[in-house]
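The values are calculated or read from the model by the stated rules, or taken from the named source; none is laboratory data. Here the structure is a predicted model, which is why all the values come from computation and not from measurement. Ideal geometry is used to build each Cβ from the backbone, glycine not excepted, and the neighbour counts take in all protein chains shown.
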Amino acid sequence: GGGGGAPTTDIPGKRRIPDIRMDDARATGADIVAVACPQCTAMLEGVVGKRPEVLDVAELVARAVEVKQ
């Protein structure tokens, strides 16, 4: 994926790696895809169309500990 430099290199194939990854996520019915890498965030957020929300693990932790006022 992104950490391997895929967004900046030409990889033979009919589909982009982020599109394949997001199709996998869609197939699970997930509303959120958690990532722990800025490259993965950029790669998956570049997928167009209806897709799960892409959030960093730190964003998920922040949401979990957020105090409601």
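Quick one: in the range 20-33, which of the residues that are surrounded by fewer than 16 Cβ atoms within 10 Å (Cβ to Cβ) and part of a helix (DSSP H, G or I) is modelled with the lowest pLDDT? If you could, list the steps in order and put the result at the bottom.
Here is the first cut: in the range 20-33, the ones surrounded by fewer than 16 Cβ atoms within 10 Å (Cβ to Cβ) are 20, 23-24, 26-32.
Subset that is part of a helix (DSSP H, G or I): 20, 23-24, 26-28.
Numbers: ILE20: 89, ASP23: 94, ASP24: 94, ARG26: 94, ALA27: 96, THR28: 96.
Going through the qualifying residues, I end up with ILE20.
Given the conditions (1) more than 11 Å from the chain's Cα centre (by Cα); (2) modelled with pLDDT of 90 or more, which single one is not true for THR9?
If we test THR9 against (1) more than 11 Å from the chain's Cα centre (by Cα); (2) modelled with pLDDT of 90 or more, just (2) comes out false.
Those residues that are among the small types (Gly, Ala, Ser) and closer than 21 Å to ARG15 by Cβ, I need them from the range 30-56; list them, please.
Filtering the range 30-56 down to residues among the small types (Gly, Ala, Ser) leaves 30, 34, 36, 42, 46, 49.
Passing the criteria: ALA30, ALA42, GLY46, GLY49.
So GLU59 ticks every box in (1) surrounded by 15 or more Cβ atoms within 10 Å (Cβ to Cβ); (2) under 24 Å from ARG15 (Cα atoms); (3) of a type in the set (Asp, Glu) but one. Which box is left unticked?
Tallying (1) surrounded by 15 or more Cβ atoms within 10 Å (Cβ to Cβ); (2) under 24 Å from ARG15 (Cα atoms); (3) of a type in the set (Asp, Glu), GLU59 fails exactly one: (2).
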